[in-house]
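Trainee: For reference, the structure I am asking about is given below.
The values are calculated or read from the model by the stated rules, or taken from the named source; none is laboratory data. If you're wondering where the values come from, they're calculated on a predicted model, not measured in any experiment. Note that we place each Cβ from the backbone using ideal geometry, even for glycine, and neighbour counts take in every protein chain shown.
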């Protein structure tokens, strides 16, 4: 596995770290180091882990994972390094074992009226998890290598008005794709947001975004998408907030040398959060565009609801539900259109200050429109998590 990481993190990429220090010289001044880390051991049972409509067996698995976040912070600058690893072993079906890794750096620099951010990351994971929200192509496990880069600039025009400009780039590749239907792709976004605070509780905003999706190999798909939205966020009280936005989008898709299709539609988002004495409910609905390994830019309707109920200081109940409705921006190709939903109740018990035990059940189901193929999955999880106390220090250690 080490040779795969070396292949991806080439020596030339170290120039990015040097560039960050040039862009954010405050990180070199006297400052405070900080670090946070955690480990997790999880056992699981899943009767259809690949979410396939074909022949399959139930699997039993074990996951050992760890995360670390360390950085250096001053009054104006914060440079942070993030890393994680997860070793996953399964019995019951072949070719499911995987070792996932991720490494990223985030840097922020603030002045009196401006804020600059740079983010860069690389992730090595499996399509068993990476394709859930987009293409749904999980039947044949493949290694995914994804590189991300993003930068943004936020400027306070006045006490109430601010402007944010951003750029992001994603490069995604899949190893040994074979007949999996997966396609390497790149995805770039240039966006802007203008916001205005009516008062301390209400914020009005508008966004304008341009994206470019390119699928390589056999797909040869190129989609340009432009979207515009206006919205509002309002805090009704300290325990109740809501917001929403609406807009339009236009997409132009080139498939091969001769086919060219256009598509228009609406964009929509709505969110609500309510906190009670022992309970919190967080809901979100969003229609936007999403890149996928299926060879197309997707229009995605996402509905998610999260709820947490605190029984006492140590025990709590949680519920996470998610539903997706994905459709290709190419109206002539419906092979990627699908419906997916998942529901997962959880029980958490903080057995000690730094130890957390969690048990959960998860049900998943998906259906493709064109083929009518349907698959569902039942899974049970039991995990233990330890979080090291985060103590800032004057030195790295």
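Trainee: Among the residues of the stretch 233-252, is any more than 24 Å from residue 162 (Cα to Cα) and surrounded by 18 or more Cβ atoms within 10 Å (Cβ to Cβ)?
Mentor: Within the stretch 233-252, the subset more than 24 Å from residue 162 (Cα to Cα) is 239-240, 250-252.
Retained after the next criterion (residues that are surrounded by 18 or more Cβ atoms within 10 Å (Cβ to Cβ)): 251.
So far as the stretch 233-252 goes, yes, one or more of its residues are more than 24 Å from residue 162 (Cα to Cα) and surrounded by 18 or more Cβ atoms within 10 Å (Cβ to Cβ).
Trainee: If you don't mind, another one. Restricting the search to the stretch 29-52, which residues are more than 25 Å from the chain's Cα centre (by Cα), surrounded by fewer than 17 Cβ atoms within 10 Å (Cβ to Cβ) and at pLDDT below 95?
Mentor: Hits for the stretch 29-52 are 29, 30, 32, 33.
Trainee: Using the structure shown, decide if residue 348 is part of a strand (DSSP E or B), closer than 29 Å to residue 253 by Cα and modelled with pLDDT of 95 or more.
Mentor: When the stated conditions are applied, residue 348 does not pass them.
Trainee: Which residue out of 332, 326 is over 29 Å from residue 276 (Cα atoms) and either over 23 Å from the mean Cα position of the chain (by Cα) or surrounded by fewer than 16 Cβ atoms within 10 Å (Cβ to Cβ) (or both)? Before the answer, list the steps.
Mentor: On the way: 326 fails: either over 23 Å from the mean Cα position of the chain (by Cα) or surrounded by fewer than 16 Cβ atoms within 10 Å (Cβ to Cβ) (or both).
After ruling out the rest, the residue left standing is 332.
Trainee: Residue by residue through the stretch 163-179, note down the ones that are outside any strand (DSSP E or B) and surrounded by fewer than 18 Cβ atoms within 10 Å (Cβ to Cβ).
Mentor: Within the stretch 163-179, the subset outside any strand (DSSP E or B) is 175-179.
Within the stretch 163-179, 175, 176, 178, 179 meet the criteria.
Trainee: Six or more apart or on different chains, Cβ under 6 Å: which pairs go from a residue in the stretch 277-296 that's over 18 Å from residue 227 (Cβ atoms) to one that's modelled with pLDDT under 95 and assigned to a strand (DSSP E or B)? Could you list them?
Mentor: 295/215; 295/221
Trainee: Yes or no: residue 79 in contact with a helix residue (DSSP H, G or I) (Cβ under 8 Å, 6 or more places away or on another chain), at pLDDT 95 or above and surrounded by 16 or more Cβ atoms within 10 Å (Cβ to Cβ)?
Mentor: Details: in contact with a helix residue (DSSP H, G or I) (Cβ under 8 Å, 6 or more places away or on another chain): yes; at pLDDT 95 or above: yes; surrounded by 16 or more Cβ atoms within 10 Å (Cβ to Cβ): yes.
Here the answer is yes, as residue 79 does meet what is asked.
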